[in-house]
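Take a look at the structure below.
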Amino acid sequence: MKRLWSILLAIVIAAPVAASEVGDDGLHKTPWMRDTFKDLGEDLEEANAEGKRLLLMFEQRGCIYCAKMHKDVYPDPRVTAAIEDNYFVVQLNLYGDVEVTDFDGETLSEKEMARKWGILFTPTLMFLPEEVPADQTAQQAAVSIMPGAFGRGTTLDMLTWVAEKRYENQDVEDFQRYHARRIRERDNGATD
C-alpha cells in the first residue's frame, strides 16, 4: 500500500500543469493576465497599488512560439510564481484593434501601438518601471524588452532580474552576465 501511495504521489507531482485556454481572439488566456481598459497610466497605477510591476505581453493568433511559452514555460511553478508574485500582466494583440492609451497620452489600436513601439515578434515581453514620465512612451520607458520565446531558465532569470531591479546596476551585472551566473549556479546544484 505504501508503494501505491508513493507511485500516486509521483504521478501527481510529475503531472504537467494544464496549458492556458485560448480565447475568442485566438490568444492564450491565463489567470494571471489582467483584463483592463488598456490605459497604461491607469494600469501602472493599479500595478503599483498592488506592489507589482507592469508587464505588457504582446502575442498573436496562431503564434507557435506563444503557444510554446504557454505550454512549456509559463506553467512551470517557479515561472508562474514569479509572474503572480511580481507582475501585473496586460496582454496586447500584435494585430488587435482594441484601443491602447500610451503614457504620452496617444491612443492607438493595439496593432498601431505595436508599430509605434517597434514590436516585431511574438511573444514580446515589455517590462515597465514604477514611474513613467508623461512625455515618454512605454517603449522609451521600458527597463527591458524580451522579444521571442525562451526556455524556463531564461524567462525566470529575466522575471527575477527585473523584479529585483538589477537593471539599475548594469555596470556591475547586466542581464547577460546575470543569466550566465545563474546558469552556472544551477549547474552546480542551485535549486532556486
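Annotations for the structure displayed:
- Annotation note: Cβ proximity below 7 Å between a residue of the range 14-27 that is at pLDDT 90 or above and a residue that is exposed (fewer than 13 other Cβ atoms within 10 Å of the Cβ) (sequence gap 6+ or interchain) occurs for Gly26/Gly62.
- Residue ID - surrounded by the most Cβ atoms within 10 Å (Cβ to Cβ), chosen from residues in the range 32-46 that are free of Cβ contacts under 8 Å to residues at least 60 places away in the same chain and either within 14 Å of Asn86 (Cα to Cα) or touching a Gly at 6+ places or on another chain (Cβ under 9 Å) (or both): Met33
- Residues that are of a type in the set (Ser, Thr, Tyr) and part of a strand (DSSP E or B) within the range 65-91 comprise just one, Tyr87.
- Counted residues, the range 79-101 - those being surrounded by 15 or more Cβ atoms within 10 Å (Cβ to Cβ) and among the charged types (D, E, K, R): 0
- Test result for Ala163, surrounded by fewer than 18 Cβ atoms within 10 Å (Cβ to Cβ), small (Gly, Ala, Ser) and at pLDDT below 95: no
- Cβ pairs under 8 Å, 6+ apart, first in the range 105-119 and within 15 Å of Asn93 (Cβ to Cβ), second aromatic (Phe, Trp, Tyr) and surrounded by 18 or more Cβ atoms within 10 Å (Cβ to Cβ): Ala114/Phe58; Ile119/Phe58
- Residues being over 18 Å from Glu46 (Cα atoms) and of a type outside the set (Asp, Glu) - total across the range 83-107: 6
- Within the range 114-143, being loosely packed, with under 13 Cβ neighbours inside 10 Å, among the charged types (D, E, K, R) and within 20 Å of Met158 (Cα to Cα) holds for one residue alone: Glu131.
- Restricting the first member to the range 137-154 and to residues that are more than 27 Å from Lys71 (Cβ to Cβ) and modelled with pLDDT of 95 or more, and the second to residues that are of a type in the set (Asp, Glu) and surrounded by fewer than 19 Cβ atoms within 10 Å (Cβ to Cβ), the beta-carbon pairs closer than 8 Å and six or more apart or on different chains are Thr137/Asp104; Thr137/Glu106.
- Every condition in (1) surrounded by 15 or more Cβ atoms within 10 Å (Cβ to Cβ); (2) not in a helix (DSSP H, G or I) is met by Gly62 except one, and the failing one is (1).
The values are calculated or read from the model by the stated rules, or taken from the named source; none is laboratory data. Remember, it's a predicted structure, so these values are computed and weren't measured experimentally. Note that each Cβ is placed from the backbone with ideal geometry, even for glycine, and that neighbours are counted across all protein chains shown.
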